[in-house]
Amino acid sequence: MNKIVGNQNFKKFSLFNYMSDILNNFYNKNNLEHCCALESLMGGNFNNEEQKQWLIRFGSIWDRVEQREVKR
């Protein structure tokens, strides 16, 4: 749902959209192919151990957010 205030159009905050933006920025910053974090891990879409660990942590957080949404 969008909310219009004055001349500005605000979208309702979504944690999933925010996390998708974070993942997109990670891919852009590291010149990686854009896909889901799990596919990146399975397919080796990372250049070093630091990027691999970032993807693992991101996936863990995504799972917790998803579980929280399911419980609502």
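Just so you know, all these numbers are worked out from the coordinates, no wet-lab data involved. Keep in mind that what you see is a predicted model, and the values were worked out from it rather than measured. Cβ atoms come from the backbone with ideal geometry, glycine included; neighbour counts cover every protein chain shown.
Name the shape class, rounded, prolate or oblate, that the alpha-carbon gyration tensor gives for the chain, where a ≥ b ≥ c are the square roots of its eigenvalues, rounded holds for a/c under 1.5, and otherwise prolate holds if a/b is larger than b/c and oblate otherwise.
Numbers: a/c = 3.50, a/b = 1.69, b/c = 2.08.
In terms of gyration-tensor shape, oblate.
With a simple spin-label model that places each label point 7 Å from the Cα along the Cα-to-Cβ direction, the separation between ASN48 and LYS11 comes to 3.2 nm.
What the Cβ-Cβ distance of ASP63 and TYR18 gives, at R0 = 22 Å and to the nearest 0.05, is a FRET efficiency of 0.90. If you count Lys pairs in the chain whose Cα atoms are under 30 Å apart, skipping same-chain pairs closer than 8 places in sequence, the total is 9.
If the only charges are +1 at each Lys and Arg Cβ and -1 at each Asp and Glu Cβ, what is the size of the charge dipole of the range 14-71 around the Cα centre, to the nearest 20 debye? Don't skip to the answer; put the middle values down first.
Numbers: 6 positive and 8 negative charges, 38 e Å.
Result for the range 14-71 is approximately 180 debye, rounded to the nearest 20.
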